[in-house]
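J.: Dropping a structure here in structure tokens format, bear with me for questions.
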Amino acid sequence: MKITICGSIGFYKEMEGVRDRLVELGHDVKIPELALEVPEEFGEGKKVYFGQYIENNGGIDAFDPNHKIWDLKEGAINDHYAKIDWADAILVVNHEKRGIAGYIGGNTLIEIGVAFYQKKPIYILNPVSSELSYKQEIYGMKPSLLNGNLTLIG
């Protein structure tokens, strides 16, 4: 099966591990492209992620809606949508973030929505936190909850 992994970029190392395990299980897998995150010239010579860059530079409201950062974010979103188009299913990697177990952020929520609209199976690795105000929307898209067991994909 062709699977695109979705989730917070803060889980990137975990996504790599999940990708490797899925490949061992015989799947073709794509993950987010870090090269599409904030370029080094924005990060003072080092690679940073959108959320981190924005947070370190005054927060979202410090960036005018026409700022170049949003063009870069648009490119990263569109690139991942193309990966969802390619896939037969998506897998959401959702670990603890900001003290919330089973965290699913806004970007991942819209990726789930794209897969749902395309009628593709949606798998979620870990239980979804009840602290998320949009848990009902996630459940309404009828994901398969894996409780950490990747062998349930199929």
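The values are calculated or read from the model by the stated rules, or taken from the named source; none is laboratory data. Owing to the predicted nature of the structure, the values given are computational and were not obtained by experimental measurement. Because the Cβ atoms are built from the backbone with ideal geometry, glycine has one as well, and the counts that use them run over all protein chains shown. Surface accessibility is based on the protein's heavy atoms, side chains included, excluding ligands, DNA and RNA. Shrake-Rupley method; radii C 1.70, N 1.55, O 1.52, S 1.80 Å.
J.: Measuring from the lowest to the highest alpha carbon on each principal axis, how far does the chain reach, largest first, in angstroms?
T.: In descending order, the Cα extents are 43, 31, 27 Å.
J.: With a 10 Å radius around each residue's Cβ, average the other Cβ atoms per peptide and rank 83-91, 61-69, 20-28, highest first.
T.: Descending mean neighbour count gives 83-91, 20-28, 61-69.
J.: Quick query: amide H of CYS6 versus all other amide H atoms, modeled in the peptide plane; which residues come in under 5 Å with a sequence gap of 5 or more or a different chain?
T.: LEU91, VAL92, VAL93
J.: Whole number in Å², please: accessible area per residue of the chain, 1.4 Å probe, ligands, DNA and RNA not counted.
T.: 54 Å²
J.: On full extension of the chain, what length is gained from THR151 through LYS135, given 0.36 nm per residue of separation minus the C-alpha to C-alpha distance?
T.: 3.3 nm
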